[in-house]
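Report on one structure; see the data block that follows.
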Amino acid sequence: MSDLSAAGHEPVFVDAMRSPSLLDWLSHRELLRNLVLRDLRLKYRGSVLGFLWSMVNPLMVVGVYAVAFGYILKVPTPAFVLYLVSGLLAWGYFAAAVSASTGAVIDSGSLIKSVCFPRAILPIAAVLFNLAQFVLTCAAAVPVALLLYGIAPTPSMLAWPILVVLQTLMCVGLALLLSTLTAFFRDIRHLLEIALQILFWMTPVIYESRMVPSALRAVMFLSPMTPFALGYHQSLYYRQWPDATVWLTACAYTALACLIGFLVFRRHEEQFTELL
């Protein structure tokens, strides 16, 4: 036993059994990067355009929206397509990230049972994969929507990347929580589908927040995506710096999601091998 201790084997055994810390997760960033790149390659494997599909689809969406709402429905709201794009893309990122996270652990049973690594890498990789999709989509759709209406960039648009970072952190916290809950209760996937449908209409994505009666505004803010949707609309569409309510609510949801997600995942991750 003394030889093993002298060779450093005992500390390794202890490290393998304890719950990984945040530093442990960061030390596996190369694994995280490879998982995200693997998913991106798998999605576009065999296609001719490859990653360009992430830009072709949003461009087609902008074109369809411009014709549908500008020429057919004749929506009176000026530059309504930009309003839709700035909200729908962010919602799509949120919905895709949290949905993918429910299977991050339970769909990786063979990997979890055979390789020792921080399990949090799996739900985080699911979020970052959808973040990459979101950034590629916005890089194509938002500039086209701005050019379509002759809108020049303004300083308020610098709030956009800050909001993206906050939204990503919130999604990571929710992903840690949902991936853990799904490992215990498989019904979480189905419940989440219903919850996302409800949250979509609670969030001012395709309608303006000023249309919501004052008595229901508090209900609107029960959706964690409401402050982000408002922030994207204010910075990109209204070309104003998001107000204090948006920032405070977005930071509160982000901090709460990260805290709860981290604590729940860390407490239960050692049980994943038994559950899968």
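Points to keep in mind about this one:
- Note on region 156-276: percent of Cα-Cα distances in each 5 Å bin, starting at 0 and stopping at the bin with the largest distance, equals 2, 11, 17, 20, 18, 13, 9, 5, 3, 1, 0.
- Region 178-248 versus region 103-141: alpha-carbon centroid distance in Å: 23
- Sum of -39500 (n - 2.57) over DSSP H runs of 4+, divided by residues of the chain (222 nm, nearest 500): -22000 deg cm²/dmol
- Phi-based couplings in Hz for region 157-164 (Karplus 6.51, -1.76, 1.60; Gly and Pro marked x): 5, 5, 6, 4, x, 5, 5, 4
- Here the Karplus curve 6.51 cos²θ - 1.76 cosθ + 1.60, taken at θ = phi - 60°, turns the phi angles of region 76-90 into couplings of x, 5, x, 6, 5, 4, 4, 4, 4, 4, 5, x, 5, 5, 5 Hz, with x standing for Gly and Pro.
- Projecting the Cα positions of Val67, Ala132, Leu122 onto the charge dipole of the chain (unit charges on Cβ atoms of Lys, Arg, Asp and Glu, taken about the Cα centre) puts Val67 furthest along the positive direction.
- Here the scattering of the chain is modelled by Debye summation over its C-alpha atoms, one equal scatterer each and no solvent; at q = 0.11 Å⁻¹ the log10 of I(q)/I(0) is -0.70.
- Of the trypsin sites (Lys or Arg not before Pro) found in region 103-197, the ones in coil according to DSSP and having at most 16 other Cβ atoms within 10 Å of their Cβ are Arg186.
- For Cys251, Cys171, Cys258, order by how many other beta-carbon atoms lie within 10 Å, fewest first: Cys251, Cys258, Cys171
- Annotation: extensible slack from Asn34 through Ser114 equals 27.0 nm (criterion: 0.36 nm per residue apart, minus Cα-Cα distance).
All of the numbers you see were taken from the coordinates with simple rules; none came from a lab. All figures in this text were calculated on a predicted structure; none of them were measured in a lab. Cβ coordinates were reconstructed from backbone atoms using ideal geometry, including for glycine residues, and neighbour counts include every protein chain displayed.
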